[in-house]
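For reference, the structure is listed below as structure tokens.
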Amino acid sequence: MKSVSDYTYMVEESIAGLGYGAATPTNLYLPIEYGLQKGGKRIRPVLTLMASEAFGTTAQKALIPATGIEMFHNFTLLHDDVMDRSDLRRGRPTVHKKWDENTAILSGDTMLTLATQMVSTVPDVVLRRVLDTFNRMAIAVYEGQCLDMDFEQMDVVSAESYLDMIGKKTGALLGAAAAIGAIIAEASEKDCSLMEQYGYMLGLAFQIQDDWLDMFGDPATFGKPIGGDVLNRKKTFLTVSVMERGGAEAQALHDAMNISDGELRIKTVRKIYEQAGIPDLCRENIEFYSHKALRAVRSTGMSEEGQRSFEKLVEKLIDRRR
């Protein structure tokens, strides 16, 4: 099997070849090209390519559907940025800031349809299974976004509810990406289900790691200022873990979140997290869900070489600093 960087290169080349920069109307397609540029880690399409090759077909055979999965992911980001009123994404102005909200919504809608078209290019023998997996995932992502919005209006959210939300927003898409790769390779239903479980559990570990990095990461490597979630009073695994306990720690965190000075708020919240043992709790949960992901992939019928590739991906993602 190829390395993660090899798969990532394939995805980048596929995206670069889409040619939306020359398509008309330009106000529809330029924002799509812009949104796809500097697209982060490309984890989702990489999972699809890895899974397809691990179960006996070529990564090239899964490349267009994998690109569609990345298109879907970026569609959700365009709409999320509008709903969250976010000004920056990956260090650049968001689409709705560079253009306007109507453009971001319409270009996002177009990305969803383009993603579905790409995912539908699979052979007829697996088309129904792929589309069922894709559509089930899409509904889960929308449900997760709705829950995330609901949480903004709630003082206390349980850790269980938070994990359900990130499972839908993050885990479902990673799970579907891995499962679709296996389906394209005509793997057994059992193996496809196990790959979906692998991606889902990896998504939980990934998001908890992301929450931890936002508070305790190194700004030089994290890629954005530390404490953004605190400044936006966003619910994270760290926040809900303290608030769910109640008592003095929860009250202290509630009060700290209402400090008007941003830097003081970040410092005070970080100290509360440290005193409450939240960094250790994050690490425990990251390892717990990572081990669940590894257990799932080791239960499949793929080769030891394939399993090792997915193990390395887990190690790479949970040890990241950005």
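Taking region 10-58 as the range and being among the charged types (D, E, K, R), within 30 Å of Ala205 (Cβ to Cβ) and assigned to a helix (DSSP H, G or I) as the test, the residues that pass are Glu12, Glu13, Arg44, Glu53. Scan (1) within 26 Å of Val95 (Cβ to Cβ); (2) surrounded by 20 or more Cβ atoms within 10 Å (Cβ to Cβ) for the single condition Glu13 breaks and write down its number. It fails just one condition, (2). The combined condition, being without any contact (Cβ under 8 Å) to a residue 24 or more places away in the chain, out of contact with any Pro (no Cβ under 6 Å at 6 or more places or on another chain) and among the hydroxyl-bearing types (Ser, Thr, Tyr), is fulfilled by Ser193.
Scan region 51-103 for residues that are touching a Gly at 6+ places or on another chain (Cβ under 7 Å) and of a type in the set (Val, Ile, Thr) and the total you get is 1. The residues on offer are Glu53, Glu70, and the sole one that is at pLDDT 95 or above, farther than 28 Å from Pro225 by Cα and buried (at least 17 other Cβ atoms within 10 Å of the Cβ) is Glu53. The set of residues from region 246-275 being buried (at least 18 other Cβ atoms within 10 Å of the Cβ), under 12 Å from Arg233 (Cβ atoms) and of a type in the set (Val, Ile, Thr) comprises Ile266, Val269. Residues of region 215-228 include at least one that is more than 19 Å from Asp150 (Cα to Cα), in the same structural domain as Met149 (by TED's automatic domain parsing), modelled with pLDDT under 90 and over 21 Å from the mean Cα position of the chain (by Cα). Condition check: within 30 Å of Ser120 (Cβ to Cβ) and either at pLDDT below 95 or not in a helix (DSSP H, G or I) (or both). Does Glu196 satisfy that? For Glu196, the condition - within 30 Å of Ser120 (Cβ to Cβ) and either at pLDDT below 95 or not in a helix (DSSP H, G or I) (or both) - is not met.
Take Leu174 and decide whether it is part of a helix (DSSP H, G or I), more than 18 Å from Ile286 (Cα to Cα) and of a type outside the set (S, T, N, Q). Criteria not met by Leu174. Are any residues in region 239-292 in a loop (DSSP other than H, G, I, E, B) and of a type in the set (A, V, I, L, M, F, W, C), and if so, which ones? Residues satisfying the conditions are Met257, Ile259, Ala276. The residue that is nearest to Val95 (Cα to Cα), among those in region 40-81 that are among the small types (Gly, Ala, Ser) and more than 12 Å from the chain's Cα centre (by Cα), is Gly68.
Filter region 21-42 down to the residues that are free of Cβ contacts under 8 Å to residues at least 60 places away in the same chain and of a type in the set (S, T, N, Q), then identify the one that is surrounded by the fewest Cβ atoms within 10 Å (Cβ to Cβ). This residue is Thr24. The helices (runs of 4 or more DSSP H) found wholly in region 73-156 and carrying at least 2 residues that are of a type in the set (A, V, I, L, M) and touching a residue at least 12 places away in the same chain (Cβ under 8 Å) occupy 101-119, 124-151. The residues listed here are Pro123, Pro93; of these, the one that is surrounded by fewer than 14 Cβ atoms within 10 Å (Cβ to Cβ) and either in the same structural domain as Ala185 (by TED's automatic domain parsing) or not acidic (Asp, Glu) (or both) is Pro123. Based on what the data block shows, is Leu47 in contact (Cβ under 8 Å) with a residue 60 or more places away in the chain and crowded, with 20+ Cβ neighbours inside 10 Å? Answer is yes for this residue.
The values are calculated or read from the model by the stated rules, or taken from the named source; none is laboratory data. In this text the structure is predicted, and so the values were computed from the model without any measurement. No Cβ is skipped: glycine too gets one built from the backbone with ideal geometry, and neighbour counts run over all protein chains shown.
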